[in-house]
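See structure below.
The values are calculated or read from the model by the stated rules, or taken from the named source; none is laboratory data. From a predicted model like this one, the values you see are computed outputs, not experimental measurements. All Cβ positions, glycine included, derive from the backbone under ideal geometry; neighbour counts span all protein chains shown. To get the accessible areas, we keep the full protein, side chains included, count just its heavy atoms, and leave off ligands, DNA and RNA. Shrake-Rupley method; radii C 1.70, N 1.55, O 1.52, S 1.80 Å.
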Amino acid sequence: MATTTLNGNDIPLKISTDAGTTYKSVVCATTSGIEITRDISEKETKCGLLSTVGNAKWSANVEGVVNTTPAGTEVSYEDLLGIIVNNTATLIKVESPVAAGTDFYIQGTVIMTGLNLSMPSGDFVEFTCTLTGSGIIDIAP
């Protein structure tokens, strides 16, 4: 069986602030990711240990180098700053460019919960951004 691997360079984290009409890639991103977790509740009873699974929780992160001249198809650090300060409704999406049948797709509504700026001496100005999922994550293109 042939396998299809994905290259992180081909799958940017995209952000929409217009309800999904347009998505823009984060300019000069160095890494991004999505974490999905699910809590398990346990209760010791006289009947034994009972367990139940909680709702899925998810978040996304992106790190990058600050670029003050992004293209029209890119989200800059300044755009991210505006999103967190103004509490702008935001969607994110990651998807594979690979043909149908091997789709890789994650989309959902997020709230920006963190934006950090690092200005080390003699190095690039960098940022990290945390986006916390709000509601159900969509995995079907």
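Data for the structure
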read-out	value
The chain: angle of helix 77-86 to the longest principal axis, Cα-based, in degrees nearest 10	50
Principal semi-axes in Å for the chain [√(5λ), Cα gyration tensor, largest first]	31, 21, 16
Test item: Cα-centred dipole of the stretch 1-55, Lys/Arg +1 and Asp/Glu -1 on Cβ, debye	60
The stretch 84-141 - accessible surface per residue (Å², probe 1.4 Å)	61
The stretch 109-133 residues near the modelled Ile36 label - backbone nitrogen below 11 Å, point 7 Å along Cα→Cβ	none
Whichever lysines have a C-alpha closer than 28 Å to that of Lys14, once near sequence neighbours (fewer than 8 apart) are set aside	Lys24, Lys57, Lys93
In nm, spacing of pseudo-spin labels at Leu117 and Glu78 (7 Å Cα→C-beta vector)	1.2
Amide H within-cut-off set for Val75, under 5 Å, with H built and near neighbours excluded	Ser25, Val26, Val27
Cα-based radius of gyration of the stretch 62-127 once divided by 2.2 N^0.38 Å, which approximates compact folds	1.37
Projected-area mean, the stretch 58-100, by convex hull of Cα positions, square nanometres	4.7
Max mean-square fluctuation residue, GNM over the chain, Cα-Cα springs under 10 Å, options Val53, Val62, Val26	Val53
Per-peptide average of other Cβ atoms within 10 Å, ordering 67-80, 29-42 highest first	67-80, 29-42
Under 13 Å from Lys46, Cα to Cα: aspartates and glutamates that are on another chain or at least 8 residues apart	none
Protection proxy ranking, peptides 119-125, 135-141, average beta carbon neighbours within 10 Å, highest first	135-141, 119-125
Point-charge dipole on Cβ atoms (K/R +1, D/E -1) for the chain, about Cα centre, debye to 20	420
Mean ellipticity per residue at 222 nm, deg cm²/dmol - from DSSP H runs of n ≥ 4 across the chain, formula -39500 (n - 2.57)	-2000 deg cm²/dmol
